[in-house]
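Below you'll find the structure, written out as structure tokens, and then a few comments.
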Number of protein chains: 2
Amino acid sequence: MIIEPLSRLAFKPFGDVIEMDGAELININQNFAQRFNNLASVDVSTHGGAVNISLAAAVPRPQPIAITMMERHPLGSQIFYPLEEGHWLVLVCTNPADRSTFRCFQATGQQGINYSRGAWHHPLLVLKPQRFFVVDRQGPGNNLEEVALPEAFSLIA
Amino acid sequence: MIIEPLSRLAFKPFGDVIEMDGAELININQNFAQRFNNLASVDVSTHGGAVNISLAAAVPRPQPIAITMMERHPLGSQIFYPLEEGHWLVLVCTNPADRSTFRCFQATGQQGINYSRGAWHHPLLVLKPQRFFVVDRQGPGNNLEEVALPEAFSLIA
């Protein structure tokens, strides 16, 4: 599987890329700070949901990485923004039963993503221990759908 | 002014401290990640507001730091989480006209804060260039109130 660089345009079918490059820039704090504004659409209020602010600490999986399942959140969007430098992987698809719909992106340590509500994605794929800031949904209802792939495959990163 | 270490308990009158220490911990992603869950109360929906996801890049002010004003956001909470290691300062008060109500906290590079809606605070105070992940409010209404202090003072950090 080709690993593509992460960009707003390429990732658009799956959600938002959160990065400073190309963002609307506002000078704030008496010019002692710049704000890169409005970088993601948080969509969590379906069925009485609310924002959940969390931190995550991920560790690498053994290489080659066995891809056996995908997941999605039918009730809310989900942001992961890295808190350490270092590349990490973002594996998504539009149909878990169709390998040709899978895309794998390499994100930098200064790129986060927001999975749109319902976008199929793999759990965090890091290449070293890495922490993330997480913005997703809490509230009533089942917000996690997992599927086993009809045929597992491997990623070498 | 005494600079205190930042802790959930000490900061409680002003908002939330976002950190892994002491948080509810959930194993996720087939045990390849841990989630430190539900760390801040996002309160942005007043008067038709919505979540705004931004990044900020702050630079240090000249030392000693002249404190001449404070600000608050009457319509929404505001999160800053650091994206680089390094201590930074969090200056808050309950009454800008009363110096005895000011508190200055030293946050680590692994501690973020969520200013409660209406909590008086100073704009970002960093000791080196530092980026932040920001979660606050967008929407109708005036969400910024700034006041000049009756008597300016200096912070040495």
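Each reported figure results from applying straightforward, stated rules to the coordinates on display, with no laboratory input. This structure is a prediction, so every number in the text was calculated from the model and none was measured. Don't worry about glycine lacking a Cβ; one is built from the backbone with ideal geometry, like all the others, and counts go over all protein chains shown.
Can you tell me how segment A:78-157 classifies by the Cα gyration tensor, rounded, prolate or oblate, using a/c under 1.5 as the rounded cut?
oblate
With θ set to phi - 60° and the Karplus curve 6.51 cos²θ - 1.76 cosθ + 1.60, what are the ³J(HN,Hα) couplings of segment B:22-35 in order, to the nearest whole Hz, using x for Gly and Pro?
Computed from phi, the couplings for segment B:22-35 are x, 8, 5, 10, 10, 7, 10, 6, 6, 6, 8, 7, 10, 10 Hz.
Take A:Asp98, project a point 7 Å from its Cα along the Cβ direction, then tell me which residues of segment A:1-39 have their backbone nitrogen under 17 Å from it.
Under 17 Å, as judged by backbone N against the label point of A:Asp98, lie A:13-14 of segment A:1-39.
Fewest first, what order do A:Arg117, B:Arg99 take by the number of other Cβ atoms within 10 Å?
Lowest count first: B:Arg99, A:Arg117.
Relative to the Cα centre, what is the charge dipole magnitude of segment A:37-113, using +1 at the beta carbon of each Lys and Arg, -1 at the beta carbon of each Asp and Glu, and rounding to the nearest 20 debye?
Using Cβ point charges on Lys, Arg, Asp and Glu, segment A:37-113 gives about 200 debye.
Need the list of aspartates and glutamates near B:Lys12 for cross-linking: C-alpha distance under 19 angstrom, and skip anything on the same chain fewer than eight residues off.
Excluding near neighbours in sequence, the set is B:Glu4, B:Asp21, B:Glu24, B:Asp43, B:Glu71, B:Asp136.
Sorting A:Phe32, B:Phe105 on the 10 Å Cβ count, fewest up front, what's the list?
Arranged by neighbour count, lowest to highest, A:Phe32, B:Phe105 become A:Phe32, B:Phe105.
In segment A:86-124, whose amide N lies under 20 Å from the spot 7 Å out along Cα-to-Cβ of A:Ala148? List them in ranges.
Under cut-off, by backbone N: A:95-99, A:121-123.
Once the label point is placed 7 Å from Cα along Cβ, list for A:Asp21 the distances to the corresponding points in the other copies, in nm, shortest first.
3.6
For segment A:3-155, what relative contact order do you get, as a whole percent, if you take Cα pairs closer than 8 Å and at least 6 residues apart?
That works out to 35 percent.
May I ask you to list the aspartates and glutamates whose Cα is less than 15 Å away from that of A:Lys128, ignoring any residue fewer than eight positions away on the same chain?
The qualifying aspartates and glutamates are A:Glu84, A:Glu85.
Treating only the Cβ of Lys, Arg, Asp and Glu as charged (+1, +1, -1, -1), what charge dipole size does chain A show about its Cα centre? Round to the nearest 20 debye.
For this selection, approximately 60 debye.
How crowded by other chains is A:27-34, given as the mean number of beta carbons from other chains within 10 Å of each beta carbon?
6
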